[in-house]
Amino acid sequence: MKTIFFLLTFSIYNHSYTQTGGFNSFQLLDLSFNARSSGLGGDFISVLDKDVNLGVSNPSLLNPEMNKVLSFNTAFLAGRINYGMLSYGIHTKKAGTIAPYIKYVNYGEFQRTSIAGENEGTFTPVEMIVGGAIGKAVNKRISLGANVNFLYSQLETYNAIGASLDFAGTFYNKEEEFLFTVIAKNIGYQLTTYTEDIRAPLPAEIQMAVSYKLKHAPFRFSLLGHHLNNWDITYIDPNLKATTDPLTGLTIPAKNVSFFTKLAHHFTYQLEILIGKNIEIRAAYDFHRRKELALEERSGISGFSFGAGFIFNKFSLDYGFVIYSRAGYNNVITLSTNLSKWKT
């Protein structure tokens, strides 16, 4: 029963990056905890505005407009699995902008059984990240930021504790609506482990992104490069072997992945359509996700994600829909408000 539980846990974690997952601890660090990012492929780190959730994802995007912005995020996966995040922005004159947050994953209730299959009650596994982000503008166009994360995982009778850091920098030209950013994330250590003899690394990753808003059209294009610290993130099929041609007897080597295919696996293409000041329509395409998770004979629109944002006077509502394959998808909802607007 315990073996099955761990296999289930890792299969859930690895829904975003199949080949790059499964070898690390605390892979909830790779989850997309807000609807806007989810609707734009899972990782969206290249827009400087008042969305405090982007400041959590990329601390160099934190700015004074996020002051007193409170945001609640929740996502729904199959099997009654729910995860989410609560974040809040605080601007200070000296330190810059700070954003404390709490992230969680709730797997619901599991039945505990003995080796013989006898019922021994139930248990509820849970994992959490308690952290804080800080960011500050160095000058008119350059800003820097960092995150500190404290990690906790409880899976039945197994527990683990860890800590991680993120470092980010952003260049933003407001006049040209051009932004370039880079982030090194999940740099840390598993302090205590599930078992004494196994200590797994955290899913460390380097990302770079660029965005550009057309001056005379409501389109903002973004390009994300992910897992840049690991060149080959393609799936390696262990059953793919050389074969023999039955007519000639010649050996047909297993098909190799080309240089350009390996390069394409690193990119996510993101689009926001800004309809006035109150509505945003979003779409993205993740080449890596499609190649890793699409069903071979019925790929559908695996790898695509969609979303929308509605901005009202005192709050905003965002929705993200992520399509992994015909067998799985994710819904994410974000509700944000600036508490200063509720003062009478």
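Here, each number is a calculation from the coordinates, and none is a lab measurement. On a predicted model such as this, the values are computed, not experimentally measured, just so you know. Cβ coordinates were reconstructed from backbone atoms using ideal geometry, including for glycine residues, and neighbour counts include every protein chain displayed.
Per-structure values
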{"quantity": "Helix-only mean residue ellipticity at 222 nm for the chain, each DSSP H run of n ≥ 4 adding -39500 (n - 2.57), per residue, nearest 500", "calculated": "-2500 deg cm²/dmol"}
{"quantity": "Ser153, Ser325 arranged by Cβ crowding within 10 Å, fewest neighbours leading", "calculated": "Ser325, Ser153"}
{"quantity": "DSSP-loop chymotrypsin sites (Phe, Trp or Tyr not before Pro) across segment 161-270, with at most 13 other Cβ within 10 angstrom", "calculated": "Trp231"}
{"quantity": "Alpha-carbon centroids, segment 282-304 and segment 86-115: separation in whole Å", "calculated": "29"}
{"quantity": "Cα centroid separation, segment 119-147 to segment 45-73 (Å)", "calculated": "12"}
{"quantity": "Residues Ser222, Ser336, Ser299, Ser305 arranged by fewest to most Cβ contacts within 10 Å", "calculated": "Ser299, Ser222, Ser336, Ser305"}
{"quantity": "Spatial separation of Cα centroids for segment 256-274 and segment 215-240, in angstrom", "calculated": "4"}
{"quantity": "Met66, Met208 arranged by Cβ crowding within 10 Å, fewest neighbours leading", "calculated": "Met208, Met66"}
{"quantity": "Residue among Thr181, Thr261, Thr251 with the largest mean-square fluctuation in a Gaussian network model of the chain, springs linking Cα atoms under 10 Å", "calculated": "Thr251"}
{"quantity": "Loop sites in segment 21-94: trypsin sites (Lys or Arg not before Pro), DSSP, at most 14 other Cβ within 10 Å", "calculated": "Lys93, Lys94"}
{"quantity": "Neighbour-limited loop hits for GluC sites (Glu not before Pro), segment 273-344 (at most 10 other Cβ within 10 Å; DSSP other than H, G, I, E, B)", "calculated": "Glu296, Glu297"}
{"quantity": "Quotient of C-alpha Rg and 2.2 N^0.38 Å, computed over segment 292-344", "calculated": "1.68"}
{"quantity": "Gyration tensor over alpha-carbon atoms, segment 88-218, equivalent ellipsoid semi-axes in Å", "calculated": "41, 17, 15"}
{"quantity": "Environment charge of Leu317, counting only residues whose C-beta is closer than 14 Å and scoring Lys/Arg +1, Asp/Glu -1", "calculated": "0"}
